[in-house]
Amino acid sequence: MVRLKAFWRGFINFAVVFSFIMNFIFLVTVIVLVIFIFDLKRGLVQPLVNGLHSSFVGLDEATIITTINVKDTVPVRLSIPFSTNTVVQLTDNVPLRANATFNLPGGGGTINGSVNIVLPTGLKLPIALSITVPVDDKLPINLSVPVNIRLKDTQLHDPFDQLRLLLDPFVRLLGNLPNDWGEVWSFMGNVLSGKQPGLFRPNQQSQNPWPGFRTGLGTPTIIAVTPGAVDATAAPVDSSGQPIVPTAGNVAATAAPINTTPAATPTRVNDLGIITPAR
């Protein structure tokens, strides 16, 4: 019985000392966290939450600007009606035999007979040509197709917007909490006086989260080709050696790359090869 009491007193003493040590460690930890709480807020938590929120907004506003090279063969089966007036040239002598009626002078009557004539080689004859041309062939395609796709117009808009909405309350809360001890006392004074702190009111970070794009703003390289072209990789040059840039008058011709310098805002090229701001 004496041993049991001695053990119990020893256990109580150990529990008191252990509890004191744990409370001391917890108190020191709380003091350290309180001292560095604003550094943790400004240096770790707020950048992480704001960065994720801003990135999801940027992904939703992003635009895919690139060029897709298309190389394929398209089967062509059709009949083309063709009608025109033209002149043909004989490549050989053409003999002709035709019935003829000869009228004799002085009322001498008529004589039925035939004549033989030869159309000589090289004779040009005007004709009206009207035929149907059957076409059954394969058309090679080799061209560059510019692509300008806004992600907000695709199904990716839904998950990006959902993630933005999930992080938006945290962005507002962190932005409206005090940033240092100087703001704590005014914040607590407003709370104790009954003023609404407005922890979830909109702030600058929640209203303008994405600063804008810095890369991938250039217009993709576009190489226009005529139907049936074999290679669209070589840009043509004029007589002086300068690349030919497409305009409204020569857009059907093979063109050189357009606007390789990055623009300030996303742009696209219309059917006439004219660069316009992307909508």
**Asked** Of (1) closer than 16 Å to HIS157 by Cα; (2) open to solvent by 60 Å² or more (accessible area, probe 1.4 Å); (3) part of a helix (DSSP H, G or I), VAL57 satisfies all except one. Which?
**Response** (2)
**Complete:** Scanning region 71-92 for residues that are in contact with a Pro (Cβ under 6 Å, 6 or more places away or on another chain) and within 30 Å of LEU119 (Cα to Cα) gives VAL87
**Prompt:** Given the conditions (1) within 34 Å of the chain's Cα centre (by Cα); (2) modelled with pLDDT of 90 or more, which single one is not true for GLN89?
**Reply:** (1)
**Prompt:** Scanning for something at pLDDT 85 or above, under 14 Å from SER54 (Cβ atoms), assigned to a helix (DSSP H, G or I) and not charged (D, E, K, R), does region 192-203 turn up at least one residue?
**Reply:** no
**Residues that are within 44 Å of the chain's Cα centre (by Cα) and not aliphatic (A, V, I, L, M), drawn from region 27-44** = PHE38, ASP39, LYS41, ARG42, GLY43
**Asked** Looking only at residues in region 147-162 that are open to solvent by less than 60 Å² (accessible area, probe 1.4 Å) and part of a strand (DSSP E or B), which one is nearest to ASP92 (Cα to Cα)?
**Response** VAL147
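Kindly indicate whether LEU167 is part of a helix (DSSP H, G or I) and open to solvent by less than 70 Å² (accessible area, probe 1.4 Å).
Yes; evaluated as a whole, the condition is true for this residue.
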**Message:** Just to be sure I understand the filter: pairs with C-beta atoms under 7 Å, separated by 6 or more residues or on different chains, first member in region 179-191 and surrounded by 12 or more Cβ atoms within 10 Å (Cβ to Cβ), second member not basic (Lys, Arg). Which pairs pass?
**Reply:** ASN179/PHE38; VAL184/PRO178; PHE187/PRO178; PHE187/PRO197; ASN190/PRO197
**Asked** Which ones in region 204-216 are surrounded by 10 or more Cβ atoms within 10 Å (Cβ to Cβ), part of a loop (DSSP other than H, G, I, E, B) and touching a residue at least 40 places away in the same chain (Cβ under 8 Å)?
**Response** PRO209, TRP210, PHE213, GLY216
**Prompt:** Hey, among THR121, THR101, THR110, which residue is open to solvent by 70 Å² or more (accessible area, probe 1.4 Å) and modelled with pLDDT of 90 or more?
**Reply:** THR121
**Asked** Going by the conditions given, is ARG9 of a type outside the set (Phe, Trp, Tyr), more than 30 Å from LEU165 (Cα to Cα) and open to solvent by 90 Å² or more (accessible area, probe 1.4 Å)?
**Response** yes
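The values are calculated or read from the model by the stated rules, or taken from the named source; none is laboratory data. Because the structure is a prediction, the values reported are computed rather than measured. All Cβ positions, glycine included, derive from the backbone under ideal geometry; neighbour counts span all protein chains shown. For the accessible areas, the whole protein counts, side chains as well, though only heavy atoms, and no ligand, DNA or RNA atoms are used. Shrake-Rupley method; radii C 1.70, N 1.55, O 1.52, S 1.80 Å.
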